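Data block below; observations after.
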Amino acid sequence: MAATEALATEGGLEARGAIFTRSEVVDFILDLAGYTEDQPLHEKRLLEPSFGGGDFLLPIIQRLLSAWRAARLNGTAVDDLGDAIRAVELHHDTFRSTYAAVVALLKREGLSANAATALADRWLSQGDFLLAPLEGQFDFVVGNPPYVRPELIPAPLLAEYRSRYQTMYDRADIYIPFIERSLTALSAGGNLGFICADRWMKNRYGGPLRSLVAERFHLKVYVDMVDTPAFHSDVIAYPAITIISREGGGATRIAHRPSIDRATLTTLAGLLSAPTLPKDAGPVRELARVTNGAEPWLLESSDQMALIRRLEGAFPLLEEAGCKVGIGVATGADKAFIGDFESLDVEPDRKLPLVTTKDIMTGEVQWRGQGVINPFAESGGLVDLGEYPRLRRYLEARRHVIAGRHCAKKAPANWYRTIDRITPALAARPKLLIPDIKGESHIVFEGGELYPSHNLYYVTSDDWDLRALQAVLLSAVSRLFVATYSTKMRGGFLRFQAQYLRRIRIPRWADVPEPLRRELAEAAIKRDVQACNRAVFRLYGLSHEERSALGGNGE
């Protein structure tokens, strides 16, 4: 396929999704997967789906040779080891340089030039792992699959991937079908050990892959590697190590952010792989039922997970309790559609005062005077520019920017629409405003004068008093829901996105006693988070143990 050949010959490291793993981390993953020199590795089969510069492949070969020599067999290296490794690499130049490095390693280890070349030919193949034929099954699959967003993959190739792989869903990154194919290539009892982005464990596009793991495999080990120097370069990949085996389900052993030094990682690998976890397991925890169909994986502490599950069983979802979560307007050309409200030279009913993240930095709304152009008629479609000469003049002056957007090119007659429809009634509704990325819950009350911009989520309700709801959303309970289901950003920041806010469970307003209603609202108005917690803990009927799981008793 021409598209595959283009990827094999073009593109820098970033375009190909190539990221290089530190040797200490490689050895840690091989230990966790069980690919160790005390095993008869010459009798096993290992698959490396994207070997790149050989970060995994070269240490694998050294372990294999050590295990083979210890076995003291009578056969030749080619006969004994020819089936032990299958490694694939797409990029031509990378393939050639690593092939040469493999041959050189084998010769340094005492093999003849002919034997070294014969083994390299048997082990290594150039091609697209997602399309290449694979013979037989493998006891181990290890590596660091490539990171390539779907929009960077040629359309014919993307269509082929989607037809072959059930997990290539929504905006799935290329590492998703890599994991699917690798899992299905495992033999019974075989282990997959990958380091890759953790996004799929919680977000929408990872749902089908999570289902596959839950139905047919066992998540044995999860090690959170975010903010650790796991790679040679500083990449924002939110990495995690997973060991997934082809066997019945069980508990998952979990560790977070270890120090990247050999002694620490060797000790940690021993704990994570021990037949039974010692009572004092230090940084290692064991959680049951992490996988649950397509549901996001809950990888926090067991007491917090138990609390989440209880609340999920006892209370309705936020939107089932009469609240609505939305996101502010995306224009596609903010510099054209947004400006100083007073200076926007359009008819008064064609602009709305706009609230942005910068307006709510203090925890209260302090409007900085921005406004947004509204090209929509009350009845639904776009207004007739012939009836709005000032608006027409304003938009025409910026037509080159506005008409250049993707949405405008798709529908040229509607060139002046914003990406999202603007509904002025939303500005007039009291609402809670929530910025996307925050270290802590940042929930701001807005009384019903401003329209939210695209970097703000909002919550409205016909049932709940918004000040009382603000107390709930400011509390440790809501933070636990978001922290559990959200993908974390570097530095420990959480994403307070609509999909995670909708996971929050709350009682129905009718079930909240009057004194508690007042207490919740007063705590929010004072922005006293401790008072919010005290009231919210009573609202949910949390036990002392459950309060402790949230990091305090709220008293």
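The values are calculated or read from the model by the stated rules, or taken from the named source; none is laboratory data. Every value quoted in this text rests on a predicted model; they were computed, and no experiment measured them. Virtual Cβ from ideal backbone geometry, glycine too; neighbours counted across all protein chains shown. Note: areas computed on protein heavy atoms with side chains; ligands, DNA, RNA excluded. Shrake-Rupley method; radii C 1.70, N 1.55, O 1.52, S 1.80 Å.
Going by the structure shown, is Asp280 within 16 Å of the chain's Cα centre (by Cα) and in a loop (DSSP other than H, G, I, E, B)? No.
Conditions (1) over 21 Å from Phe481 (Cβ atoms); (2) buried (at least 18 other Cβ atoms within 10 Å of the Cβ), marked per residue:
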site	(1), (2)
Ala288	no, no
Gly293	no, no
Trp297	no, yes
Arg310	no, no
Gly322	no, no
Asp349	yes, no
Asp359	yes, yes
Thr362	yes, no
Gln370	yes, yes
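Pairing residues of the range 493-519 that are closer than 15 Å to Ser461 by Cβ and part of a loop (DSSP other than H, G, I, E, B) with residues that are at pLDDT 95 or above and of a type in the set (Asp, Glu), at Cβ distances under 6 Å and at least 6 apart in sequence or on separate chains, gives Arg502/Glu319.
Residues that are in contact with a helix residue (DSSP H, G or I) (Cβ under 6 Å, 6 or more places away or on another chain) and within 30 Å of Ile254 (Cα to Cα) are absent from the range 331-346.
Within the range 177-215, being closer than 21 Å to Arg86 by Cβ and in a helix (DSSP H, G or I) holds for Pro177, Phe178, Ile179, Glu180, Arg181, Ser182, Leu183, Thr184. Looking across the range 238-257, the residues that are modelled with pLDDT under 90 and open to solvent by 10 Å² or more (accessible area, probe 1.4 Å) come down to Tyr238, Gly248, Gly249, Gly250, Ala251, His256, Arg257. Note on the range 307-381: enclosed strands (runs of 3 or more DSSP E) holding 1 or more residues that are small (Gly, Ala, Ser) and modelled with pLDDT of 95 or more are 323-327, 338-340, 370-373. Could we say that Thr117 is buried (at least 16 other Cβ atoms within 10 Å of the Cβ) and either under 26 Å from Ile195 (Cβ atoms) or of a type in the set (A, V, I, L, M, F, W, C) (or both) here? No: the conditions fail for Thr117. Of the candidates Tyr175, Tyr169, the single residue that is out of contact with any Lys or Arg (no Cβ under 7 Å at 6 or more places or on another chain), within 22 Å of Pro296 (Cα to Cα) and open to solvent by 60 Å² or more (accessible area, probe 1.4 Å) is Tyr169. Going by the conditions given, is Pro145 without any contact (Cβ under 8 Å) to a residue 12 or more places away in the chain and either part of a loop (DSSP other than H, G, I, E, B) or open to solvent by less than 60 Å² (accessible area, probe 1.4 Å) (or both)? So Pro145 does not fit the description; no.
Report yes if Ala87 is over 23 Å from Phe194 (Cα atoms), surrounded by 14 or more Cβ atoms within 10 Å (Cβ to Cβ), in contact (Cβ under 8 Å) with a residue 12 or more places away in the chain and touching a helix residue (DSSP H, G or I) at 6+ places or on another chain (Cβ under 6 Å), otherwise no. When the stated conditions are applied, Ala87 does not pass them. Glu519 meets each of the listed conditions (1) open to solvent by 20 Å² or more (accessible area, probe 1.4 Å); (2) at pLDDT 90 or above; (3) farther than 20 Å from Gly363 by Cα apart from (3).
Suppose the filter is at pLDDT below 95 and of a type outside the set (Ser, Thr, Tyr); does Ala427 pass it? Against the criterion (at pLDDT below 95 and of a type outside the set (Ser, Thr, Tyr)), Ala427 does not qualify.
The criterion of being farther than 30 Å from Tyr500 by Cβ and crowded, with 20+ Cβ neighbours inside 10 Å holds for Leu395.
Restricting attention to the range 258-273 and to residues that are of a type outside the set (Gly, Ala, Ser) and without any contact (Cβ under 8 Å) to a residue 24 or more places away in the chain, the residue that is least open to solvent (accessible area, probe 1.4 Å) turns out to be Leu271. In the condition set (1) open to solvent by 40 Å² or more (accessible area, probe 1.4 Å); (2) farther than 30 Å from Leu474 by Cβ, Ile437 is compliant with all but (2). Among all positions in the range 52-66, there is no residue which is without any contact (Cβ under 8 Å) to a residue 12 or more places away in the chain and either in contact with a helix residue (DSSP H, G or I) (Cβ under 9 Å, 6 or more places away or on another chain) or assigned to a loop (DSSP other than H, G, I, E, B) (or both). Scanning the range 148-172 for residues that are more than 29 Å from Ala230 (Cα to Cα), of a type in the set (S, T, N, Q) and either assigned to a helix (DSSP H, G or I) or in contact with a Leu (Cβ under 7 Å, 6 or more places away or on another chain) (or both) gives a single hit, Ser163.
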